[in-house]
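This report refers to the structure that appears directly beneath it.
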Amino acid sequence: MTFSTLECILLNPTVNAYLTYYLMRCYLKFMSLKDFLPAGMSGLFLVLTFPRFNLAPLAWVGLVPLLWILSGKKPKQSFCLGWLTGLIFYGGVVFWVTNTMVNYGHLPFLLSLLVLSLLVVYMGVYVALFAVFLGNLGDTAIWLRWVGAPLIWTSLEWVRAHLFTGFPWAILGYSQYQALSLIQISDLTGVYGISFLIVWVNATLMAGAELFLRRTSRVNTLSHNRLSLSLMLRAFFPLLALLFCLGYGHRQISRWSPGTMTEDSKGIRTAIVQGNIEQDKKWDPIYQGEVFTTYQGLSLKASRFFPDLIVWPEAATPFYFQSDRKYQPQMLDLAVQSRSYLLFGSPAYELNGDKVKLFNRVYLLSPEGEVLGQYDKIHLVPFGEYVPLKSLFPFVHKMVDGIGDFAGGQEYTVMSTPMGEFSVLICFEAIFPDLVRRFVKEGAEFLVNITNDAWFGRSAAPYQHLSMVPFRAIENRVPIIRAANTGISAFIDPVGRIVRSSDIFVDTWIDGEVKLKTREMPFYTLYGDCFAYLCVLLTGVLSVTQAFRIKRWEAGKRF
C-alpha cells in the first residue's frame, strides 16, 4: 500500500463513518452510557495534573471515579472503562505529538492523527489492564482492591517504562514535581513510589466511600462499629505513609539544599547557552554560519562573567565537529577565547569499510583548546533517531529529520575537570531513571542534560519534559544543568528545586553556580528500582492467589 493510497482511505468519509459505528457498537455492547462520565472524568482529571495545567492536587482524587464505576463490572466492561480513561488521559497529555510530526516530520495532519491514535491506544491499554486486574479482585474484597490498586498501577507503569525500549512519559508521580517535601522519598523508591502513594490514596478514598455506604445501609450497631474501625484502619496507613514522606522530605531538603553546604563545598560557575535555532533551519546549509555565529556570540557574552563551564544544547553544531575543516578550528579557538571548558553536542560518525555509523555525540573542550572527552548517546529515540521495523512502517522514515539513523553508544562515560566529574544525558535519556543512576554510580558528581526541544513547538511538551528532570536530581542527590536549544534551560539542585530557568523560544544565556557535596550515594543510586520490582512481585503473587481463589469458588459452585 502506497502512502497516497493510505491517505485516501483515511480521508474516505464512508470508511471513517463505518469505523466510528463499529467502535461505538463494540463499546456499547459491554457497557452503558451512564458509565462513560465517571471513566471520562478520571481521564480528564489526570490530564489536568500535568504541565501546563499543573493542577497536581487532582491526582489524589483523579482515579476515584474510575474505581467507583469498576465495582461489579465484568472483565470486558472493566477493560473498556479503563481504556476510555487511558485514551483521554494520555491523549490529553501527548497531543503535542501531532505538532511534531506535521511541522518537523513532514507528515500530513490526518496521518499524524493516525500515528498519535496508535500511540495513545497503546498507552491506554495499560490503564485498561489496571482496570481488569482490579476488577478481577472481586467486589466483596474491598481490602484486597485497596492494597492491589497501587501495586497493579505501579507495576504497569514500570512495564511501560521498559517494554519496547520504554516510554515512561506521563508517569503519574511526575505530576507532583513541584511538591518538593513529598517527592524526596524518590531517593529510596524512585518516581514509582510517588505513583504508588497517589493511587493508594485514591483507593483509600474509594474504599472509604464503599464502607461508608455499607455502614449507612445497616442497623446492627456491632456491624457499624466494625465498619468504622475498618474505615479508620484503611485511612491510617496511607496517612502514616504521607506523614512519613513529608517528614523524610523536610529532613532531606534541610540536608541537601545548597544553602546548607559548607564553604569547603566545590562550586562550579556555569553558563548555559540557549541558541533558539528553529528546527527547519538547524540542518539547512544556508544557515550553518548563522547558527554558529549565534552560539559563538552568546558564549563570548557569557565569558565576560568568567564561567568555569559553558554548556551548549544537543546537536548545537550543524556540522561534524570531528572532521569539519572550517568550523572545528573555530570551536577550539572559542574555548580558548572564553577561557572556559566548553561542552556541546555534535553529530559524529565512524567508518567501517563501506559502512558508516552515525552517533549523537557530545564533546568537552578545555580552555586550552583540547578535546578532553566525548560521549555517545546510549538510549536512542524510536522514530526520532532511528526507525524500528522499517518494513512495517514504510511511511515513518519521513519523521527522521537531519542526517539519518543513529547507532547507540556503549559506555557510561564520566568526564573529568578540575571542578569535578560529571556525565551527560542527551535529550530523552533524562527520563530513564535506571540509565541515569548508572552514570552517578560510575562517579559523576553532577549531571548535564542537553536537549533539543524545538521539535515540540509551543506545546506542553517542553514543560512536561522538564518536570521529569528534578526526579533524577533527587534520586541521585546530584545537581543537574539543563541546556535546551529553544528552552527550557535550567539549573536544578539536589532536592529537585528548579533554581533558575529560561523562557521558551528566546536566544539567551543564563548563569548559575552548581554546588557539589561530598559524594554519598543514596539507596536508589546503589540499588535502582527495588521498590518497583517488589510491586511487580507482589502483583504477581496477588494475581495467582486470586486466580486460585476463583478456581476454588467455581469448583465449589459446581458441587
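The values are calculated or read from the model by the stated rules, or taken from the named source; none is laboratory data. Source: prediction; values computed, not measured. Because the Cβ atoms are built from the backbone with ideal geometry, glycine has one as well, and the counts that use them run over all protein chains shown. The area values use the complete protein model at the heavy-atom level, side chains included, leaving out ligands, DNA and RNA. Shrake-Rupley method; radii C 1.70, N 1.55, O 1.52, S 1.80 Å.
Normalised by 2.2 N^0.38 Å, with N the number of residues, the alpha-carbon radius of gyration of region 48-87 equals 1.37.
Classification of region 422-483 by its C-alpha gyration tensor yields a prolate form. The axis ratio a/c (a ≥ b ≥ c) is 1.5 or more, and a/b outweighs b/c.
Dividing the mean sequence gap of close Cα pairs (under 8 Å, 6+ apart) by how many residues region 73-187 holds gives a relative contact order of 28 percent.
Once both labels are positioned 7 Å from their Cα atoms along Cα-to-Cβ, the gap between Arg458 and Asp284 label points is 1.9 nm. Multiplying each eigenvalue of the alpha-carbon gyration tensor of region 107-202 by 5 and taking the square root yields semi-axes of 26, 20, 11 Å, largest first, rounded to whole angstroms. As a rough guide to protection, the peptides 301-314, 82-95, 343-356 ranked by mean Cβ packing within 10 Å, highest first, stand as 82-95, 301-314, 343-356.
Looking at region 55-154, what % of the alpha carbon pairs are farther apart than 15 Å?
Here the long-distance tail beyond 15 Å is 65 percent of all Cα pairs in region 55-154.
Solvent-accessible area per residue in region 465-510 equals 21 Å², computed with a 1.4 angstrom probe and all protein chains kept. Taken over region 77-131, the ratio of Cα radius of gyration to 2.2 N^0.38 Å equals 1.22.
Across region 243-378, the mean sequence separation of Cα contacts (distance under 8 Å, 6 or more residues apart), normalised by length, yields a relative contact order of 18 percent. Using the Karplus relation 6.51 cos²θ - 1.76 cosθ + 1.60 with θ = phi - 60°, the per-residue 3J(HN,Hα) values for region 496-511 come to x, 7, 7, 5, 8, 9, 9, 6, 8, 6, 9, 8, 7, 9, 10, 10 Hz, with x marking Gly and Pro. Rg and Dmax of region 271-389, both derived from C-alpha coordinates alone, stand at 14.8, 50 Å.
Note on region 229-330: Kirkwood radius taken over Cα pairs, Stokes-Einstein applied at 4 °C and 1.567 mPa s, translational D equal to 70 µm² s⁻¹.
Beyond 30 Å between alpha-carbons counts as too far, so tell me which of Lys281/Lys357; Lys357/Lys441; Lys301/Lys355 fall in that bin. Flagged as over cut-off: Lys301/Lys355.
Using the Cβ-Cβ distance between Val499 and Glu442 with R0 = 25 Å, the FRET efficiency computed as 1/(1 + (r/R0)^6) comes to roughly 0.50. Shape analysis of region 312-379 places it in the prolate category; the axes a ≥ b ≥ c from the Cα gyration tensor give an a/c of at least 1.5, with a/b above b/c.
I'd like the distance separating the alpha-carbon centroids of region 148-187 and region 270-305, in whole Å. Rounded to whole Å, the Cα centres lie 36 Å apart.
Computed from backbone phi with θ = phi - 60° and the Karplus coefficients 6.51, -1.76 and 1.60, the 3J(HN,Hα) list for region 315-326 is 6, 5, 8, x, 7, 7, 4, 5, 9, 6, 6, 8 Hz; x is used for glycine and proline. Annotation: amide H-H contacts under 5 Å for Gly373 (H modelled 1.01 Å from N, sequence separation of 5 or more, or interchain): Leu364.
Taking amide H as placed 1.01 Å from N in the peptide plane, Trp509 has its amide H under 5 Å from the amide H of Gln274, each at least 5 places away in sequence or on another chain. Considering all projection directions equally, how large on average is the shadow of the alpha-carbon convex hull of region 270-328, in square nanometres? The Cα convex hull of region 270-328, projected and averaged over all directions, gives 4.2 nm². If I take R0 = 41 Å and measure r between the Cβ atoms of Phe306 and Asn103 in this structure, what FRET efficiency does the formula 1/(1 + (r/R0)^6) give, to the nearest 0.05? For R0 = 41 Å, the calculated efficiency reads 0.55.
Counting Lys and Arg as +1 and Asp and Glu as -1, each charge on the Cβ, what is the dipole of region 492-541 about the Cα centre in debye, to the nearest 20?
Charge dipole, region 492-541, about its Cα centre: 240 debye, nearest 20.
Per-residue surface analysis assigns Ile286 an accessible area of about 140 Å², computed on protein heavy atoms at 1.4 Å probe radius. Amide H contacts under 5 Å for Arg500: Phe491, restricted to partners 5 or more places along the chain or on a different chain, H placed in the peptide plane at 1.01 Å from N.
Using the Karplus relation 6.51 cos²θ - 1.76 cosθ + 1.60 with θ = phi - 60°, the per-residue 3J(HN,Hα) values for region 302-312 come to 5, 5, 5, 9, 6, x, 6, 9, 10, 10, 9 Hz, with x marking Gly and Pro. Would you list which aspartates and glutamates come within 20 Å of Lys73, measuring only between C-alpha atoms, while excluding same-chain residues fewer than 8 positions from it? Partners found: Asp35, Asp139, Glu210, Glu554. Taking packing as the residue-averaged number of other Cβ atoms within 10 angstrom, the listed peptides 493-501, 267-275 run from highest to lowest as 267-275, 493-501. Considering only alpha-carbon pairs that sit under 8 angstrom and 6 or more positions apart, the relative contact order computed for region 453-526 is 27 percent.
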